[in-house]
Amino acid sequence: MEHDNDVRYAPQHEGNAFVLLLEDRRTFADFVAAFAPTGALTPRLRFDGAALLKRKYITETLREGEHDVLWRVPLANGDLFVFLLVEHQSSVDHAMPLRLSFYMNAVWHEHYSAASVEVRRSSAFRVPPILPLVLYTGEEPWTGATRLAEVIAASDDLEGLLPDFRFRVLNFLDLGDADFSVPDNLACALLHVVWALMKGLPGAEFARIFDRLRPFWGLREVELLGAVLYHYACAEGRRDMAERLHEVLRPKEVLMSNPEVVRKRFWEVWADEGREEGRVEGRVEGEAEGEARKESQLRREQLDAINAFFARKGLPWDAYAKDVEGLPTHREATDFLVDLATAADTCAFLKQRLGH
C-alpha cells in the first residue's frame, strides 16, 4: 500500500507520539480495525482512498486540544464517506462532549457552506457522519461525561428534549495483553510496546512484547516505531527498556526521515535531567561542583554502556578499553556509542575511529 503522508517530527509530536502514529494511513487503519467501534461498517471502510485532514478545522477556541486526528474515509459500493475522529487525552476533560461538538459542527459547517442554496434547502441534503473516539491514556479512571446532554444544565423535565450524542472512551491502560493480539496488525504491535512501557512491566515481559514487532521491521512505518518508542521510553523514565530499544532500533535509523530528532529524544532527556539535577545541587553545594559531579556521573554511565555493548557484541574490550576510557565528556561518549551502535561493520568502525 502506498503512503502519501510525509512523516515529520514536528514539535507537537515530541509531546504526543500517539498523534504521529495515528496520522499514518496503515497504523490508523489497523487501529480502527482493532479498537474503534465501527461495527458492521468496518468491511466497507476503504482506507486506500482515505484522506488525513491536517487540523484545518482547528479554531482558536479549539487550539488547546490539538491532539486530534481526523480522517475522511470513503465507503465501498457507493459515494458516501465517513469522518473518523480520534482525540487523544492524557487527563480527564469534563468538557469533552462540548469540545467534540465544536469540532464536529465545524466540519459540518464547512460542508453546509460549500453546498449551493438550492442543495442546502432540498429534502435530500445531508452532512457526512462523524464517528468520534477519545483515546484516553491517563492513569486514573475516566470520570468525565460521554454524552452531550450530561454537560447541559437541565432539570428532569427536560429529559429527552435536549440534543444529544454519545462518544466512546478507549481506556488505554485498562486494556489487557490479549487486546493487542490481532494478527498482522501494526498498530497493535506498536501500542502494545507503549502499553508495556507505561505499565512498567518487568524486563522479561517487555522483551516478549517487544519481540512481536519483529515481523514489521522491514516496513516504512519503522519511522513511527522509532519516534513512538523512543518518546515513551524516555517519558516513562525506563532507561533499562530504552537501552534495549536503542540497541535494536538504532540500526534502523537509515529509514528515519530525521534521525537527529530521535537522537535528541533518546539521549538528551537524561542529559537534560542530569544538568537540572546538577543545577539544584549547585545551589546548595556550589554550582560548579554540582555540575562537575553530574558530568562525571553521566560520563561514567556512558562508558559503562559502551563496555556492556562490547560484551553483548563480542567485541575485544581489552584492545580498546584505554581509548574508550579516554573519552573526556559524557557527550563524546554518547556520540561514540551512537556511532558504534549504528555502524554497518563495528570492527571496521573501531579501526577507523581509534586507529588500530
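Within the stretch 194-219, the set of residues being at pLDDT 80 or above, small (Gly, Ala, Ser) and not in a helix (DSSP H, G or I) comprises just one member, 200. Provide a single number: the residues in the stretch 161-187 that are surrounded by 15 or more Cβ atoms within 10 Å (Cβ to Cβ) and part of a helix (DSSP H, G or I). The total comes to 5. Taking the stated definitions as given, is residue 87 part of a strand (DSSP E or B) and either open to solvent by 30 Å² or more (accessible area, probe 1.4 Å) or at pLDDT below 90 (or both)? In short, yes.
Mind counting the residues in the stretch 90-119 that are under 29 Å from the mean Cα position of the chain (by Cα), over 15 Å from residue 170 (Cβ atoms) and among the aliphatic types (A, V, I, L, M)? Adding up the residues that qualify gives 5. Listed by first and then second residue, the pairs linking a residue in the stretch 291-313 that is closer than 12 Å to residue 330 by Cα to a residue that is assigned to a helix (DSSP H, G or I) and of a type in the set (Val, Ile, Thr), with Cβ atoms under 6 Å apart and 6 or more places separating them unless they lie on different chains, are 302/334; 306/324.
Among the residues here, residue 182 does not qualify as in contact with a strand residue (DSSP E or B) (Cβ under 8 Å, 6 or more places away or on another chain) and in contact (Cβ under 8 Å) with a residue 12 or more places away in the chain. When the stretch 120-160 is filtered for residues that are within 28 Å of the chain's Cα centre (by Cα) and not in a strand (DSSP E or B), the ones remaining, listed by number, are 129, 137, 138, 139, 140, 141, 142, 143, 144, 145, 146.
Tell me, which helices (runs of 4 or more DSSP H) lie completely within the stretch 242-354 with 2 or more residues that are at pLDDT below 80 and among the aliphatic types (A, V, I, L, M)?
Details: elements: 259-285, 287-313, 317-325, 330-342, 346-354.
Of the helices (runs of 4 or more DSSP H) lying wholly inside the stretch 242-354, those with at least 2 residues that are at pLDDT below 80 and among the aliphatic types (A, V, I, L, M) span 259-285, 287-313, 330-342.
For residue 121, the criteria (1) of a type in the set (Lys, Arg); (2) out of contact with any helix residue (DSSP H, G or I) (no Cβ under 7 Å at 6 or more places or on another chain); (3) within 26 Å of residue 21 (Cβ to Cβ) hold in every case but one, which is (3). Remark: pairs (first residue in the stretch 316-329, within 20 Å of residue 295 (Cα to Cα); second residue surrounded by 13 or more Cβ atoms within 10 Å (Cβ to Cβ) and aliphatic (A, V, I, L, M); Cβ separation under 6 Å; 6+ apart in sequence or on different chains) = 323/354; 324/306; 327/333.
Residue count for the stretch 1-37 under the criterion of being assigned to a helix (DSSP H, G or I), touching a Lys or Arg at 6+ places or on another chain (Cβ under 9 Å) and at pLDDT 80 or above: the result is 1. Of the residues making up the stretch 100-119, those that are outside any loop (DSSP other than H, G, I, E, B) and open to solvent by less than 40 Å² (accessible area, probe 1.4 Å) are 100, 101, 103, 104, 106, 107. Residue-level check: of (1) closer than 17 Å to residue 20 by Cα; (2) open to solvent by 90 Å² or more (accessible area, probe 1.4 Å); (3) at pLDDT 85 or above, residue 56 misses just (3).
The values are calculated or read from the model by the stated rules, or taken from the named source; none is laboratory data. Quantities reported herein were computed from a predicted structural model and do not represent experimental measurements. In this analysis, Cβ positions are derived from the backbone assuming ideal geometry, glycine residues included, and neighbour counts consider all displayed protein chains. We work out accessible area using only protein heavy atoms, side chains counted, and drop any ligands, DNA or RNA first. Shrake-Rupley method; radii C 1.70, N 1.55, O 1.52, S 1.80 Å.
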